[in-house]
Structure formats: structure tokens, C-alpha cells
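The values are calculated or read from the model by the stated rules, or taken from the named source; none is laboratory data. Keep in mind that this is a model prediction, so the values were computed, not measured. Cβ atoms come from the backbone with ideal geometry, glycine included; neighbour counts cover every protein chain shown. SASA here: full protein model, heavy atoms, side chains in, ligands and nucleic acids out. Shrake-Rupley method; radii C 1.70, N 1.55, O 1.52, S 1.80 Å.
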Amino acid sequence: MSLIIIDAGYRIQTPVESQFPAQGIDGLTQAKAAHDAAGRERRVDADGENFTHLLEAENHARSRPPPKDIVYEKPAGIQERPRGITAEQIMSQPVHTIPRETTFQATWDRMEVLGVGHLITVDADNKPVGIISRSDVREHGKNSPVSIANFYSQQMIAASPDTEASLIAHALVEHHINAVPIFNNDEQLVGIVTRSDLLRLIITGAHLERWA
């Protein structure tokens, strides 16, 4: 599953990039030639090949019947790429929450007691509606008696338990965020992946061959 956006507790279909513009390093951006048409474009630009003739040749190749009685055997020593490490394998549980009417001071105290850097804000029905971080609290004052209701982030980049950790790491770097909540198919909050979780994975070296 790709990354999604949770806005005020509701999943929205807007692409992540439109709400969270990429801000990370250029090396993580996708190449132009990521789709099939890019190959045609390079050939036409480089060789001056007539595009109509190119399409006719490709259509002719597709129309030819496949050869019969050919059995494919995977060459010896070639192994399929193992499935990458998923969010479910590294996410922190349970996810700690806090009512959105809580003051900044009480929010900071809860973070200190739990030893966490993020809390999921919930409404009166205990539905996740946003996220607040230590930096958010510091910005407004650790001892402030003001409610966090108007200051927590209502939009969250989220993922599912089967989202690969490499995709989550990419999102953290590209969008300058520090945590990605994990929701299951029933849109229930089941975990959270933070930069600390990913760093712990690197430090322990567990299954790093499956990282990429």
C-alpha cells in the first residue's frame, strides 16, 4: 500500500505530494524514465525515429502469437527479491493518544512520563484526528495553559501495516516529518513508525539485506 493522508480523522484521496510537497534531498526523487513511454521518448529524441513507425513496429510485435512448447526455467543462482521489511514489523505499539482539549503543559507532562516524542490527538469519541510533537509543544510553551485544540497537525501522512519501511523512510526525509501513524484496513490506528524506530532498525542491523 502506498502512503495516504488522514485529514481531521478522515482518509482523503488527495495525493500525498499535493498536500506535503517534497523537501528532501534530490537523490531520493524519482527518475523521469520510470514508465514505459519514457523509453520511446528517448529513442525518438535521440535517433530521430519516426514515432508512427515506432508504434507500428511495437503493435506488430504484440500481435504475433507467442511461441508454443516453451517452458521458462529460472536460471540457477537467481533468487527473487525478498519482500521488504514492513511497518508492522517495526512500528511502536500501543499508540499513545491525548484529547485535543488538553493543555500544552499537560501534553508535555504526558510526553515526559511516556518517553515519547509524538501523541495522536483524539476527539470526544476517541477517534484519531491529528498528531502533535514535542517541537509543537516547545513552540507554544511547555507550561502554557492553552489548549492544543487549535495547534495540533490535523493532516497526517499515514500508512498501512504492510507498507514497506523503505517507503516510510523516504516520506520522513522528503516531507520533513518525524512520524507516520499506521492504520489498518478498517481505518483503526494500530501503530506508529518514527525516525527512532528506523534508526533502531539500522543500529541493530536486523535483516538489512531486505531494507531496499
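Restricting Glu164, Glu101 to residues that are modelled with pLDDT of 95 or more and of a type in the set (Asp, Glu) narrows the list to Glu101. The residues in segment 187-212 that are touching a strand residue (DSSP E or B) at 6+ places or on another chain (Cβ under 7 Å) and either modelled with pLDDT of 90 or more or open to solvent by 20 Å² or more (accessible area, probe 1.4 Å) (or both) can be counted, and the count is 7. Pairing residues of segment 179-190 that are of a type in the set (Asp, Glu) with residues that are exposed (fewer than 13 other Cβ atoms within 10 Å of the Cβ), at Cβ distances under 8 Å and at least 6 apart in sequence or on separate chains, gives Glu187/Arg11.
Residues of segment 114-127 that are under 16 Å from Lys142 (Cα atoms) and either in contact with an Asp or Glu (Cβ under 7 Å, 6 or more places away or on another chain) or surrounded by 18 or more Cβ atoms within 10 Å (Cβ to Cβ) (or both): Val116, His118, Leu119. Of the residues contained in segment 128-140, none is found to be out of contact with any Phe, Trp or Tyr (no Cβ under 6 Å at 6 or more places or on another chain), in a loop (DSSP other than H, G, I, E, B) and exposed (fewer than 15 other Cβ atoms within 10 Å of the Cβ). A single entry from Asn184, Asn143, Asn150 fulfils the requirement of being modelled with pLDDT under 95 and closer than 21 Å to Arg110 by Cα: Asn150. Residues of segment 141-173 that are of a type in the set (S, T, N, Q) and in a helix (DSSP H, G or I): Asn150, Ser166. If you filter segment 136-169 down to residues that are touching a residue at least 24 places away in the same chain (Cβ under 8 Å) and among the hydroxyl-bearing types (Ser, Thr, Tyr), you find that the one that is farthest from Met91 (Cα to Cα) is Ser144.
Based on what the data block shows, is Met111 in contact (Cβ under 8 Å) with a residue 12 or more places away in the chain, surrounded by 15 or more Cβ atoms within 10 Å (Cβ to Cβ), within 26 Å of the chain's Cα centre (by Cα) and assigned to a helix (DSSP H, G or I)? So Met111 fits the description; yes.
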